[in-house]
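Just so you know, all these numbers are worked out from the coordinates, no wet-lab data involved. Just so we're clear, the structure is a prediction, and the values are computed from it rather than from any experiment. Please note: Cβ atoms are built from the backbone with ideal geometry, for glycine as well, and neighbour counts cover all protein chains shown.
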Amino acid sequence: MTNFSSYHFHLYFDESQISTATSMAQQLADIFSVQVGRVWDRPVGPHPVNSCQITVPKDKFESIVSWLMVNRQGLDVFVHPEGENDLIDHRDHIMWIGKSYEIDLSIF
């Protein structure tokens, strides 16, 4: 079993949801003291839509999943661990809250 120390939660949104995503990212930072990345208004990396990355330590994983299941306000969330292999982390060890998307794995 692989032991992950942190996870990335990627908030997915369209142009009409950018203020919701920005607000939600700030709420996660305020409530859970997690690291919030840039809110991208275009697809970046393997992500097919606009996104914002939240870095979540393992000890806050369950609390944040539970919170997002109830409070995601129509945003979709892609979750993957931060392990030793980006391809495996983004392909085999993933979770979705909301609808799922096709991730561009060709970059790994």
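Can you put Trp96, Trp40 in order of Cβ neighbours within 10 angstrom, beginning with the fewest?
Neighbour counts put them in this order, fewest first: Trp96, Trp40.
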Listed with the fewest Cβ neighbours within 10 Å leading, Met69, Met95 appear as Met69, Met95
Label points 7 Å out from Cα along the Cβ direction at Thr20 and Asn71: separation in nm? 1.6 nm
